[in-house]
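Encoded as structure tokens, the structure appears first; notes follow it.
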């Protein structure tokens, strides 16, 4: 084996890696040792990358052709190895669907920025060939895998800024939700329009989806829906939730969370739009008004969608943010933080939630009558708050840098195993892998950077929302 591949510390299990590389080199068109050295340089997990490459070559029809393509394109080969080493679920998707590798080896494909319209158009072509409802949902799972791969690669390669990654994942989620709505409704009522409008809250509402996000959804009917339509729509909503969340051979589309609907888990699964308007006028808690700020319709009746937007504007951006409401929201944030583990970069002190909470409170306080302050994405809101002098340029810069760092870290943690985790790993080997995925030296370097970031955010949170 090429002597540089025997460098101490490159592999966790040098003997297993050497055997795998020897087997790959013994294949027709097997690459040189220099090829492996170049591709594994700065790879987050060289062991995983080599093992997954061997598995992938065993799945493709012509390994010699693919190896020659990789050797002829050093930069694309390095990107390909990056995906194989960064995420086992994505490596498994490539092995399950060898044809998807062409997306990572074609510069034109990699440069395509996904849009909801483009993904929906591609999805409809896939659905046109589906032979059954279950096959149609499988086609949508394939569509999700197909678009997640180039998004991840552009993220890991640093060719897209983090907000562009979040927006691309959000467009992908929106498109799949809209297509799944059509599939499930047409199965139940062929040839008719679905009466249900789907409203997204949370990360999808804010166009800031994670790699392993839940989707927080609320279902809305028009006021004119009669009891028969309501019964059919309720059955649709239940089937739709199962269609998104059931795990099959390609995994699940999305985990669905309906707890942000009125009265939470005990409330009706869907309501007419006037019922939502009445609830937010009379019964909603302050934290629910805050959650409403991060909501937007993603599929359904245009008239209902327009009324929901008006509902959000009127209830989340009132003329004045009451002192009691502010105290209630701050108290809730404190309670959440008390139950968070120290290694939780989302809910813990100085974490993602502190930034989002700070920004949303300021939006509610200053947003009345200012549409530019009523934006959904956190980074855009920070920029608007700076223009309106609700944040100093220094504080705004710190919040933006902290949010981008912590959200990037959150993504790297979730890439490893497609788990909705926000906890820093305790295992030093995994910590080193995440550190390298962040572009840092190792796990210790990552821990130092994370502590520094969270300290700064914690100080900002206190100074902005708890001034003496």
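For region 141-171, backbone nitrogen atoms closer than 19 Å to the point 7 Å from residue 401 Cα along Cα-to-C-beta are found at 161-163.
Between 0 and 90 degrees, rounded to the nearest ten: what's the tilt of helix 46-59 against the longest Cα principal axis of the chain? Result, in degrees: 80. Using the average count of surrounding beta-carbon atoms within 10 Å as a protection proxy, the listed peptides 149-160, 169-180, 24-35 rank, highest first, as 169-180, 149-160, 24-35. Could you let me know the centre-to-centre spacing of region 194-235 and region 416-447, using Cα atoms, in angstrom? Here the answer is 35 Å between Cα centres. Sorted ascending by nearby beta carbons within 10 Å, beginning with the fewest, 57, 10, 391 become 10, 57, 391. Structural size metrics of region 285-336, computed from C-alpha coordinates, are Rg and Dmax of 13.2, 39 Å. Given the C-alpha centroids of region 1-78 and region 353-399, what is the distance between them in whole angstrom? If you average the Cα positions of each part, the centres end up 47 Å apart. Taking the Cβ-Cβ separation of residue 343 and residue 34 as r and a Förster radius of 45 Å, what is the calculated FRET efficiency to the nearest 0.05? The value I calculate is 0.70. The orientation-averaged shadow of the Cα convex hull for the chain, equal to a quarter of the hull surface, comes to 23.4 nm². Past the 26 angstrom mark, what percentage of all C-alpha to C-alpha distances in region 128-316 do you count? The share of Cα pairs beyond 26 Å in region 128-316 comes to 33 percent.
When each of the peptides 43-52, 90-99, 324-333 is scored by how many other beta carbons lie within 10 Å of its residues on average, the order from highest to lowest is 43-52, 90-99, 324-333.
For the chain, the longest principal axis of the alpha carbon atoms and the long axis of helix 378-387 meet at an angle near 60°.
Over all Cα atoms in region 69-200, the spread is summed up by Rg and Dmax: 16.3, 53 Å.
For residue 124 and residue 306, the difference between the fully extended length at 0.36 nm per residue and the C-alpha to C-alpha distance is 62.9 nm. Highest-first packing order for the peptide set 265-278, 201-214, 121-134, 73-86 is 201-214, 73-86, 265-278, 121-134, based on the mean count of other beta carbon atoms within 10 Å.
Counting only Cα atoms, region 323-465 measures 50, 29, 26 Å along its principal axes, largest extent leading.
Each of 445, 216 has some number of other Cβ atoms within 10 Å of its Cβ, and from fewest to most they run 445, 216. The value of relative contact order for the chain, using C-alpha pairs under 8 Å at least six residues apart, is 13 percent. Gain on full extension, evaluated as 0.36 nm per residue between residue 55 and residue 15 minus their Cα-Cα distance, stands at 12.7 nm.
In this rough spin-label picture, where each label sits 7 Å from Cα along the Cβ direction, the residue 463-residue 274 distance is 5.1 nm. For region 323-465, averaging the sequence separation of C-alpha pairs within contact (under 8 Å, six or more residues apart) and dividing by the residue count gives a relative contact order of 25 percent.
Return the percentage of antiparallel bridges among DSSP beta bridges fully within the chain, rounded to the nearest 5 %. Roughly 60 percent of the beta bridges in the chain run antiparallel, per DSSP. Across region 128-316, the mean sequence separation of Cα contacts (distance under 8 Å, 6 or more residues apart), normalised by length, yields a relative contact order of 24 percent.
Between the Cα long axis of helix 74-86 and the first principal axis of the chain there is an angle of about 60°, rounded to the nearest 10. The Rg/Rh ratio for region 253-370, using Cα coordinates for both the radius of gyration and the Kirkwood hydrodynamic radius, is 0.98.
Between residue 227 and residue 287, what FRET efficiency comes out of the Förster formula 1/(1 + (r/R0)^6) with R0 = 30 Å and r the beta carbon distance, rounded to 0.05? Between residue 287 and residue 227 the formula returns 0.40.
Ordering 263, 403 from the fewest to the most neighbouring beta carbons within 10 Å gives 263, 403.
Between residue 111 and residue 423, the simple spin-label model (points 7 angstrom out along Cα→Cβ) gives 4.4 nm. Counted residue by residue at 0.36 nm each, then reduced by the alpha carbon distance between them, the extension gain from residue 164 to residue 22 reaches 47.2 nm. Dividing the helix sum by the residues of the chain, where each DSSP H run of 4 or more adds -39500 (n - 2.57), gives a mean residue ellipticity at 222 nm of -20000 deg cm²/dmol.
Dividing the convex hull volume of the alpha-carbon atoms in region 3-110 by its residue count gives 92 Å³ per residue. Structural size metrics of region 308-351, computed from C-alpha coordinates, are Rg and Dmax of 14.4, 39 Å.
FYI, it's all coordinate maths here, none of it is from the lab. Keep in mind that this is a model prediction, so the values were computed, not measured. Every residue, glycine as well, gets a Cβ built from its backbone with ideal geometry; the counts of neighbours run over all protein chains shown.
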